[in-house]
Amino acid sequence: MQAKDIMTGGVISVAPTTSVRNAALLMLANGVSGLPVMQDNEVCGILTEGDLIRRVGTNWAAKPANYNDRTELQSYIQTYGWSVGDAMISDVVTIAPTIDVGQIGALMLSHKIKRLPVVEDRHLVGIVSRCDLLGLIIDTRSEIVATGDEAIKLAIATRLKTDLGLGSERVGVTVKNAQVSVVGTIDTELQRRAIRTLVENIRGVNGYVDGTSPRD
C-alpha cells in the first residue's frame, strides 16, 4: 500500500503571510492539527498546533533570549511572530504518492513528526497523518493466511526461524484442528511473548498452547 492509497486530498493550506490567528481558526474550523504552508504553489513549510501552543506555554520574560544566539533568536521569533512564516517549521519532510506505508511510518518515527505532505511534480496533492496509519492498523488482518494443520505448522515454523531465530533445534511446533502448541526452551519472558505474538498473527490459527519453558 502506498501514500496515494491512504492520503487525504483537497488539503487546506495557508500562505506565509497568513496571520497565526487565522491559521488557528482554520485548524479549529476544519478539525485539523497541521497546515501545509504554500508559496508559489510549492510547500515551503508546515504549521502545527504544537507551534501555536508554544506561544502560550513559553515565558521568555523568565529567561530573556540571548541576542547573540541564532537558535534562541529564531525560537523567539517563532514564539512571538504573528505571521505563519514566522511560526512555521520550514524544514519540511515531504513524500511522493508512491512511497510505501512502511517507509512513511519509519519517516514519522525518525523525524518525530505527525504528518507528511504528499508532493507530485512539486505540487501538493495530499497529506498523510498518523491517524491514517492508525486506520491501517484497525483494518489490517493477520499477516499470513494458512489453511490446514500442515500449512499452519509450516508457516509458524518458518517465521519462528526467520523472525525470532528459533529453529527446530530450539522449539517444536504441533498443530491439531488449527490449535497450535509450541514447546521448547526459551531464554526470556520476552521470547515467550514474541512467540505468542507471532502465532496470533497467523490467520487460521484457532488457539495457542504455550509449552515453552525457561532455560535452566
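With the requirement that a residue be more than 18 Å from residue 91 (Cβ to Cβ), small (Gly, Ala, Ser) and touching a residue at least 12 places away in the same chain (Cβ under 8 Å), what does region 21-49 give you?
Matches in region 21-49: 23, 24, 33.
Quick one: residue 149 ticks every box in (1) more than 32 Å from the chain's Cα centre (by Cα); (2) in contact (Cβ under 8 Å) with a residue 40 or more places away in the chain except a single one, so which number is it?
(2)
Can you tell which of 141, 115 is at pLDDT below 90 and at negative phi?
Among 141, 115, only 141 is at pLDDT below 90 and at negative phi.
Do you know which of the residues in region 1-53 that are of a type in the set (Asp, Glu) and over 13 Å from residue 114 (Cβ atoms) is surrounded by the fewest Cβ atoms within 10 Å (Cβ to Cβ)?
Among residues in region 1-53 that are of a type in the set (Asp, Glu) and over 13 Å from residue 114 (Cβ atoms), the one surrounded by the fewest Cβ atoms within 10 Å (Cβ to Cβ) is 40.
The values are calculated or read from the model by the stated rules, or taken from the named source; none is laboratory data. A quick note: this is a predicted structure, and the numbers were derived from the prediction, not measured. Every residue, glycine among them, receives a Cβ derived from its backbone with ideal geometry; neighbour counts consider all protein chains shown.
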